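In what follows, a single structure is set out as structure tokens and then discussed.
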Amino acid sequence: MNETIQNKLAILPDEPGCYLMKDRQGTIIYVGKAKILKNRVRSYFTGSHDGKTQLLVSEIEDFEYIVTSSELEALILELNLIKLHDPKYNIMLTDDKSYPYIKITNEKHPRILITRKVKKDKAKYFGPYPNAGAANETRKLLDRLYPLRKCMKLPNKVCLYYHLGQCLAPCVKEIEEHVYDDMIEEITKFLNGGFEDVKKELQQKMLDAAENLEFERAKEYRDQIAHIETVMQKQKIVSGDLSNRDIFGYAVEKGWMCVQVFFVRQGKLIERDVSIFPIYREPEEEFQTFIGRFYDIPEHIKPKEIFIPTNVEKSLLENYLQMKVVTPKRGSKKELVDLATKNAQIAIREKFQLIERQEERTVGACLELGNAMNIAPPLRIEAFDNSHMHGADAVSAMVVFIDGKPAKKEYRKYKLRETAKHDDYGAMQEVIRRRYTRVLKENLPLPDLIIIDGGKGQMEVAREVIEDELGLFIPIAGLAKDDKHNTSQLLYGEPPIPVEMKRTSDGFYLLQRIQDEVHRFAITFLRQQHQTNAIQSVLDGIEGVGPKRKQQLLKHFGSIKKIKESSVEQLMEAHIPSSTAMAIYNHFHKDTLSKE
């Protein structure tokens with residue numbers, strides 16, 4: 001705990017509010033709310049914590065706080081701050097399951113569609129449905145019962161749907177607005193559990209048609225009734241009142257939380273959502289924040305009500321969500337919450353060992369590496385490797401590992417432009433200078449550790465650029481290989497000496513992954529460059545083939561061999577003019593043509 005934090009802790013108020021934890025670069029890494037700011041924030045810096053909370057605290061270099069007038073205001077502010085800053089230690093809610101919905105469009109002549117995106121477009125949405133099949137079956141049923149428009153654009157004459165009685169033909173007839181309003185009202189009632197009433201009406205129509213000897217019509221009604229029973233009765237009814245509600249349960253183990261959500265629609269359990277994430281404060285508070293953020297995802301439409309466990313304060317959620325929140329204490333409703341809680345307990349037990357092992361091999365490996373090198377845990381590592389083809393096409397590559405995992409969007413490739421051939425030290429200096437000059441210029445995050453795929457000489461030239469030229473002080477390590485080209489040892493210090501690490505440890509395994517990845521990335525880039533340069537050099541001197549045409553040919557054929565083997569017609573397929581295609585063909589077939 002540094003002096004800044006100590007001074008701020010001493011003056012924290014006894015008020016509700018939000019706190020924002022920052023790392024050494026000023027990045028907000030965690031946002032939380034508290035009934036009493038003084039107690040909550042101080043708790044992070046006193047007493048013992050589990051591994052992941054300790055990791056969070058080890059990164060905190062400063063914090064800010066915002067006082068609010070109530071706990072509800074603190075919750076609203078917390079959710080808005082998480083949305084704004086997306087801190088890495090907060091719950092990351094992503095809609096990785098895109099559920100299908102039935103949509104009645106807000107148009108002059110409405111349509112019934114299937115969609116996976118819920119928009120604020122004044123349309124009506126019903127769902128979610130467990131899968132696309134269930135949604136499509138329901139839509140087909142509605143199409144047979146309610147003759148809404150089927151075409152995207154109105155044609156100039158009636159179509160087959162009109163003759164089947166499944167469309168009112170607005171393309172040739174004027175349809176009064178109240179007709180659509182009545183149908184949409186009936187569809188809404190149908191999808192909200194009123195299909196039993198529709199079924200009774202169809203049964204009466206079937207009997208009336210049979211009495212009037214209209215057997216074809218009676219058969220059509222019978223088929224519609226059968227279709228309703230097939231589609232609407234597939235799901236098990238879990239609630240007799242046919243209400244739409246979401247059932248929440250949660251379980252906590254070793255600083256992790258699992259939240260299980262059951263979607264109940266028309267009294268039927270149709271789907272569930274499972275989320276597992278680390279927590280850094282009281283479970284009830286994390287659970288409230290989760291629910292608050294759950295309905296920020298557009299696809300999570302608010303139902304009539306939600307059920308939550310009895311140990312969670314509901315008034316805060318009711319005020320924020322502006323909906324009914326129930327804490328059932330007995331009967332079938334409590335059994336639903338208990339079932340969601342039981343499923344959460346099972347899910348977290350099943351997955352916890354895998355999560356724990358993954359943490360050991362990623363963040364745990366960073367902690368182990370930091371301990372071995374006697375530095376702060378290197379949660380952001382940038383590694384460099386140079387490569388060339390017998391002195392030609394010199395390139396360099398950088399890979400980034402964050403929390404022990406590759407961050408591929410941050411990888412970078414470098415064409416070395418200043419370095420002499422075979423000058424590995426000059427190549428390393430160039431790429432380090434280019435990388436960290438840009439980092440400083442654009443205020444990008446600095447790494448906790450720089451790894452050079454090389455020995456003492458390359459480490460020293462990298463240090464000269466980092467410290468002597470740029471005035472940065474970042475730990476620099478080297479990775480040496482044995483005679484079989486495998487990771488042999490980690491070098492660190494001034495002068496560099498081997499760091500003792502067990503070869504079977506997660507920390508050493510992380511180093512192997514980094515070295516293999518940066519080497520793979522560099523070699524792949526080298527081959528791409530070599531192939532590009534080779535193709536360009538082979539095509540030099542051909543009339544009509546400039547830099548753009550060379551790139552065009554490379555993109556289309558992929559190799560020199562394929563270009564050489566291509567006919568004039570095949571070359572023209574790459575959008576090459578016939579005269580140029582003939583010139584390329586003649587260039588590669590000089591010997592054959594001279595013999596002819």
> Taking all pairs of different Cα atoms in the chain, averaging 1/r and flipping that mean, what Kirkwood radius in angstroms comes out?
Replying inline: 30.4 Å
> Ordered by residue, what ³J(HN,Hα) values in Hz, to whole numbers, does segment 282-294 give under the Karplus form 6.51 cos²θ - 1.76 cosθ + 1.60, where θ = phi - 60° and Gly and Pro are x?
Replying inline: 4, x, 4, 5, 4, 5, 4, 4, 4, 5, x, 7, 4
> Label residue 43 and residue 494 with points 7 Å out from Cα along Cα→Cβ: what is the distance between them in nm?
Replying inline: 4.4 nm
> So what is the relative contact order of the chain, in percent, for Cα pairs below 8 Å that sit 6 or more residues apart?
Replying inline: 7 percent
>> Longer than 19 Å from Cα to Cα, which of 52/351; 8/33; 150/219; 33/314; 33/342; 88/409 are they? Say none if no pair is.
In response: 150/219; 33/342
> How high is the FRET efficiency from residue 122 to residue 223, r the C-beta distance, R0 22 Å, rounded to 0.05?
Replying inline: 0.05
> On full extension of the chain, what length is gained from residue 569 through residue 277, given 0.36 nm per residue of separation minus the C-alpha to C-alpha distance?
Replying inline: 99.3 nm
> How large is the accessible surface per residue of the chain, computed with a 1.4 Å probe and reported in Å² as a whole number?
Replying inline: 53 Å²
> Using only helices, what value at 222 nm comes out for the chain when you add -39,500 (n - 2.57) per DSSP H run of length 4 or more and divide by the total residues, to the nearest 500 deg cm²/dmol?
Replying inline: -14000 deg cm²/dmol
> If you take the alpha carbon radius of gyration of segment 279-349 and divide it by 2.2 N^0.38 Å, what ratio comes out, to two decimals?
Replying inline: 1.13
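Among 108/304; 117/408; 108/173, which pairs are too far apart, with a Cα-Cα distance over 23 Å?
108/304; 117/408
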>> Need one number: nm distance between label points at residue 334 and residue 321, each 7 Å from Cα along Cα→Cβ, rounded to one decimal.
In response: 2.0 nm
> For residue 284 and residue 164 in one chain, what is 0.36 nm times their gap in residues minus the Cα-Cα distance, to one decimal in nm?
Replying inline: 37.6 nm
> In whole percent, how big is the carbon plus sulfur part of the accessible area of the chain, probe 1.4 Å, protein atoms only?
Replying inline: 49 percent
> How high is the FRET efficiency between residue 407 and residue 467 when r is their beta carbon distance and R₀ equals 25 Å, given to the nearest 0.05?
Replying inline: 0.50
> Quick one: length gained pulling residue 439 to residue 176 fully straight, 0.36 nm per residue minus the C-alpha distance?
Replying inline: 88.2 nm
> For the peptides 281-291, 8-18, what is the packing order when you average, over each peptide's residues, the other Cβ atoms within 10 Å and list the highest mean first?
Replying inline: 281-291, 8-18
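The values are calculated or read from the model by the stated rules, or taken from the named source; none is laboratory data. Computed from a prediction, not measured in an experiment: that's the story for all the values here. Ideal geometry is used to build each Cβ from the backbone, glycine not excepted, and the neighbour counts take in all protein chains shown. To get the accessible areas, we keep the full protein, side chains included, count just its heavy atoms, and leave off ligands, DNA and RNA. Shrake-Rupley method; radii C 1.70, N 1.55, O 1.52, S 1.80 Å.
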